[in-house]
Every structure is written in structure tokens, then in C-alpha cells.
Amino acid sequence: MPKLTFLPMNKTVDAEAGESVMEAAHHNGVELEGACEGSLACSTCHVIVAPEWFDKLPEAEDEEEDMLDRAFGLTSTSRLGCQVIMTEELDGLVVTIPEYNRNMRVDQK
């Protein structure tokens, strides 16, 4: 099982190959909203991929890019968690959950 680390809480979880970063967060008690449940209709699962991992991901499709334009705190390595699918090649992936998104504020300790 590939490992996935969520920052700033520094929580590493086991992710099933084939599940999205958003699904892995939800299955492991990590607070990452997904208001549209992964249907590419919002940007609430916005994550910031660690730069050393970003180029290992498939390119974002146009629909994802359109939704990312609505994300709060967009960076050059931003992606939607619902669109990043875990694979064995992504074992060790690190993503940061922004403090704010368009629907909520994530309390970070």
C-alpha cells in the first residue's frame, strides 16, 4: 500500500492504490472537505503537492484546472485531491491541506 503524508498535521496514512487523495483522507480521519464528492464541481479538496512530487503526477485535465482557478491560496503545485489517484509509484506522496478553502477553515494544530 502506498503511503501518503498530510501536512501540516504530519499524518502519514496507508492509501489504497486506485483511491484518490481525497478518499484516502476521508478513510483515515483527515479533515479534507470534498463538498461535491469528487465530481469536479468544486475546489474544496484543494491540496498543495510537495514540489518534489508534483512532476510525478499526471497533468491536470482542463476541468480540474477550471476548478483550481476557484481555489483559495492557489499555488504552482496545487491539485484537487479528488483527481490525484494513488499508485505504487506515488508511495511517499506528501500534500499540504491549505488552512482555508471556499467552504470552511481547517483548524491546524
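Quick look at the numbers
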quantity	calculated
Test for residue 22: is it crowded, with 19+ Cβ neighbours inside 10 Å, without any contact (Cβ under 8 Å) to a residue 60 or more places away in the chain and in a helix (DSSP H, G or I)	no
Test for residue 33: is it within 14 Å of residue 97 (Cβ to Cβ) and either charged (D, E, K, R) or touching a Cys at 6+ places or on another chain (Cβ under 9 Å) (or both)	yes
Region 41-55 - residue that is in a loop (DSSP other than H, G, I, E, B) and under 14 Å from the mean Cα position of the chain (by Cα) and, of those, farthest from residue 89 (Cα to Cα)	42
Of residues in region 29-56 being touching a residue at least 60 places away in the same chain (Cβ under 8 Å) and not charged (D, E, K, R), the one surrounded by the fewest Cβ atoms within 10 Å (Cβ to Cβ)	35
Of the criteria (1) part of a loop (DSSP other than H, G, I, E, B); (2) touching a residue at least 24 places away in the same chain (Cβ under 8 Å); (3) exposed (fewer than 13 other Cβ atoms within 10 Å of the Cβ), which one residue 59 fails	(2)
Residues of region 1-39 satisfying the condition of being hydroxyl-bearing (Ser, Thr, Tyr) and under 15 Å from residue 49 (Cα atoms)	5, 12, 20
Condition broken by residue 64, with the remaining ones in (1) over 24 Å from residue 12 (Cβ atoms); (2) modelled with pLDDT under 95; (3) of a type in the set (Asp, Glu); (4) under 14 Å from the mean Cα position of the chain (by Cα) satisfied	(2)
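Yes or no, residue by residue, for (1) surrounded by 14 or more Cβ atoms within 10 Å (Cβ to Cβ); (2) at pLDDT below 95; (3) within 13 Å of the chain's Cα centre (by Cα):
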| site | (1), (2), (3) |
| --- | --- |
| 70 | no, yes, no |
| 80 | yes, no, yes |
| 88 | no, no, no |
| 95 | yes, no, yes |
| 105 | no, yes, no |
| 108 | no, yes, no |
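The values are calculated or read from the model by the stated rules, or taken from the named source; none is laboratory data. What you are looking at is a predicted structure, and each value in this text was computed from that prediction instead of being measured. Using ideal geometry, Cβ is built from the backbone for each residue, glycine included, and neighbour counts are taken over all protein chains shown.
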